[in-house]
Structures are given as C-alpha cells and as structure tokens.
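Please read the structure below before turning to the comments.
Just so you know, all these numbers are worked out from the coordinates, no wet-lab data involved. Bear in mind that the values here come from a model prediction, so they are computed numbers and not experimental data. Glycine also receives a Cβ, built like all others from the backbone with ideal geometry; neighbour counts cover every protein chain displayed.
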Amino acid sequence: MSAVVPGLALGALTASGCVWYVPALVDLRAGADRRVSRRLAALACLSGWGTAGLAAALLLTGAPLAVAGAGMLACVALRLAAWVRARGEAREDAACWAALDARPDVRHAPHRVVGAIIAVGLTLATATGTALTWVHARGALGAAPVVAAPVALAACTLAAAVVTVRGRGAEGVLWLRWTGGGGEGGCG
C-alpha cells in the first residue's frame, strides 16, 4: 500500500473536521469578545487540524512527517495552556460570584422576626382570651373584657409586625415579596 491512500484518507478526515475548526475560526475572529482560554483552545484546535491537513499533504508528496510532529507538539502545548487558563478563569469567576452572593443573615431575616412577633402575640391573645373566659364563667368578670382584651392583643401584635417591617424600610417589604415570605431567595 502506498502513502497515497493514507494521505487521501487523512485529507478526507481533515475536510470532515470542519465541525471543529470552523467554530474555532469564529472564536479567534471574535477576538476579545471570547475568553483567553477559549481563544487558546481554538488555536489548539486549528493547529491540530492544520497539522492533520499538513500531514495529508506530506503523505501525498512523500515528504518526511517531522514537521507534522512539531505541529502536534504545538497543539498539545496550546491545549494545556488553554486548560490552565480556563481553571484560573473558573477560580476568578467563583470568587466574583461568591462576592455577589450577599444574602441577608437568616437569623435576622424580616420574615422570621415578623413571624415570631405574630406567633408570640397571637399565642398571648389566645391565652388571655382563654383565661378571661374561665374567669367570666365563674361570674367574676363581664363579657366585654373577655372579647376586648384578646382583640386588643391581636391588634397590637399585628401593629408590631407592621412597624417591624416598616422599620426595616422598603428593603424589608421587598425581601418579603421577593422570597414569598419563605426565606429562600429565587426568581421561580
């Protein structure tokens, strides 16, 4: 078998590799719009496919393949440089996203404070109403205080909750709306 058959096969393979090297050309053409690691990977891709095309031409002409070996070394070196650069960019991105992830302290989140005020106030109103009902049943108290005291406590509880939310400013109200009162942020 002559070197022409492998040369033609490698040439056909190189031509069909356009699904890799055409996007790599686009990445290089985009320039600074692409990350450095992506451009290095595109250079590695182009040098690899270029080396395959050069090897096909060398096989067809019968020339030695030493130049193709140098092209493969360049391809591997560029790909390793792209990999190292991509890892550095990923660490930088992670640090930036960590700095942006400024969630409010869950222990002092407005929904928990408001929930605690409402729970304590309504429990106190219920206990007061139960105690006053028991005293009224013994005949020591009229009906008006039995109804008025728990209603007043419930109203004061709700007023305290509103004052707490307003005391935190519009941010507290927006936090409650954004989280749906559930405490976990999100856009869903």
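Here are a few things to note about the model shown:
- Evaluating 6.51 cos²θ - 1.76 cosθ + 1.60 at θ = phi - 60° for every residue in region 77-93, the Karplus couplings come out as 5, 5, 5, 5, 4, 5, 5, 4, 5, 5, 5, x, 5, 5, 5, 5, 4 Hz, glycine and proline recorded as x.
- With contacts taken as Cα pairs under 8 Å at a separation of at least 6 residues, region 1-88 carries a relative contact order of 37 percent.
- Here H136 and T164 are evaluated by their C-beta separation; at R0 = 30 Å the FRET efficiency comes out at 0.35.
- Intensity falloff of region 1-70 expressed as log10 I(q)/I(0), Debye formula with alpha-carbon point scatterers, at q = 0.18, 0.19, 0.27, 0.28 Å⁻¹: -0.69, -0.74, -1.07, -1.12
- Stokes-Einstein D (µm²/s) once Rh is taken as the Kirkwood radius of region 1-153 over alpha-carbon pairs, at 25 °C in 0.890 mPa s: 110 µm²/s
- log10 of Debye I(q)/I(0), alpha-carbon scatterers only, for region 30-106 at 0.16, 0.17, 0.24 Å⁻¹: -0.69, -0.73, -1.01
- Cα→Cβ-extended label distance, 7 Å offset, between A15 and V151, nm: 9.2 nm
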